[in-house]
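Presented below is the structure to which this report refers.
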Amino acid sequence: MNNRVQIIAEAGVNHNGSLEKALALIDAAADAGADVVKFQTFKSEAIISRFASKADYQVRSTGNDESQLEMVRKLELDEFSHSMLVAHCAKRAIQFMSTPFDLKSVDFLVNELNVAKLKVPSGEITNGPLLLKVARSAKPVILSTGMCNLGEIEMALGVLAFGYTEHEVPPSIQAFEKAYGSSAGQSALKNHVELLHCTTEYPAPISDINLRAIETMKSAFGLPVGYSDHTAGIVISLAAVALGAETIEKHFTLDRNLPGPDHRASLEPDELKQMVKSIREVELALGSAVKRSTEVEYRNRLVARKSLVAAHDICKGEFFTQVNLAAKRPGDGITPIHYWEWLGKVADRDYKQDEEIKS
């Protein structure tokens with residue numbers, strides 16, 4: 001069974017609109033040993049109203065002198081830059097992934113860049129047209145579920161199931177529900193969709209993480225579930241792996257002190273490398289669900305366990321009693337689990353103190 005956790009290094013918009021920084025982020029992710037480096041693909045005017053205000057964490061990071069639209073516009077990468085990123089990922093042997101935030105960006109990633117997989121972020125999980133577009137691409141998808149309850153996740157899965165399986169019926173809530181409940185829809189979801197548990201705050205407070213929701217989501221939807229970590233540090237990511245997360249997504253940056261909305265809640269390259277190393281150690285430690293004595297333990301059994309021995313000198317013909325029987329190391333003789341069976345038996349030879357009792 002393959003227990004390898006997929007590690008997504010989330011570059012996001014931490015390139016600050018600079019191709020040079022974006023390429024450096026790919027290098028940092030590859031050097032850290034991540035499986036995937038993920039960016040964000042969007043046209044600002046297509047996704048943000050000029051009246052949209054910044055989130056509190058964005059205000060804390062970037063101030064309030066500009067609108068959300070003005071802030072995000074500076075973080076766009078053009079199509080040429082995307083092509084350069086894909087080429088550099090191939091050179092560094094790390095998978096390129098990006099999150100499309102608008103319909104044209106889905107088309108670009110699928111038709112022009114031929115990405116292997118798409119990521120739908122938490123903020124788009126109620127965006128029916130985007131979900132449908134993603135599913136109609138027939139690409140596998142990772143669906144992040146921050147800010148969601150189970151009903152909202154199920155509704156989004158219904159849109160995806162409909163998009164993967166139905167091309168004749170007009171989209172509707174009823175059609176989504178029918179597709180989700182169908183065997184074809186469920187099969188399509190199992191073949192194409194992975195969920196990510198997430199708490200949408202930057203950085204996310206530890207008390208709001210609720211990692212046990214990973215198991216709840218696995219049970220509710222029968223799909224692979226990973227974790228998108230917005231907490232500071234790497235501890236919660238490791239805990240998520242121990243609880244069965246199959247993917248870990250984590251923001252990283254070249255420098256936490258750079259200007260921009262996400263840097264402060266991101267890992268720096270050395271921390272990303274340590275996270276990858278630690279996750280690999282945790283998944284190795286998880287091992288098998290079978291409880292057994294392992295190969296490395298066998299050499300310690302004789303040293304750590306005990307055998308029945310003579311507590312003091314015993315003469316042939318004496319009865320074994322609680323006074324003259326003891327349990328001492330090493331454990332290569334009669335195991336003390338049989339202690340009571342030997343009480344009242346007669347010694348068939350002499351024993352010196354500490355000598356192992358023989359059957």
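Regarding the range 263-270, can at least one residue be identified that is open to solvent by 60 Å² or more (accessible area, probe 1.4 Å), outside any helix (DSSP H, G or I), farther than 15 Å from Gln6 by Cα and touching a helix residue (DSSP H, G or I) at 6+ places or on another chain (Cβ under 9 Å)? No, that holds for no residue. Screening the candidates Lys21, Lys91 for the property of being out of contact with any helix residue (DSSP H, G or I) (no Cβ under 8 Å at 6 or more places or on another chain), in contact (Cβ under 8 Å) with a residue 40 or more places away in the chain, over 26 Å from Leu131 (Cα atoms) and basic (Lys, Arg) yields one hit, Lys21. Among the residues examined, Glu166 qualifies as crowded, with 19+ Cβ neighbours inside 10 Å and more than 23 Å from the chain's Cα centre (by Cα).
State whether one or more residues within the range 172-180 are within 25 Å of Val5 (Cα to Cα), surrounded by fewer than 17 Cβ atoms within 10 Å (Cβ to Cβ) and either more than 22 Å from the chain's Cα centre (by Cα) or at pLDDT 95 or above (or both). Scanning the range 172-180 turns up no residue that is within 25 Å of Val5 (Cα to Cα), surrounded by fewer than 17 Cβ atoms within 10 Å (Cβ to Cβ) and either more than 22 Å from the chain's Cα centre (by Cα) or at pLDDT 95 or above (or both). The residues listed here are Leu325, Leu267, Leu286; of these, the one that is among the hydrophobic types (A, V, I, L, M, F, W, C) and over 43 Å from the mean Cα position of the chain (by Cα) is Leu325.
A search for C-beta distances below 6 Å between a residue of the range 233-252 that is open to solvent by 10 Å² or more (accessible area, probe 1.4 Å) and any residue that is acidic (Asp, Glu), counting only pairs 6+ apart in sequence or on different chains, returns Ile236/Asp229; His251/Glu10; His251/Asp262. Note on the range 214-225: residues that are open to solvent by less than 30 Å² (accessible area, probe 1.4 Å) and under 15 Å from Cys148 (Cα atoms) total 4.
The values are calculated or read from the model by the stated rules, or taken from the named source; none is laboratory data. Not measured: the values here are computed from a predicted model. Note: ideal-geometry Cβ built from the backbone for every residue, glycine included; neighbour counts use all protein chains shown. When the accessible area is computed, the model is the full protein with side chains, heavy atoms only, and any ligands, DNA or RNA have been set aside. Shrake-Rupley method; radii C 1.70, N 1.55, O 1.52, S 1.80 Å.
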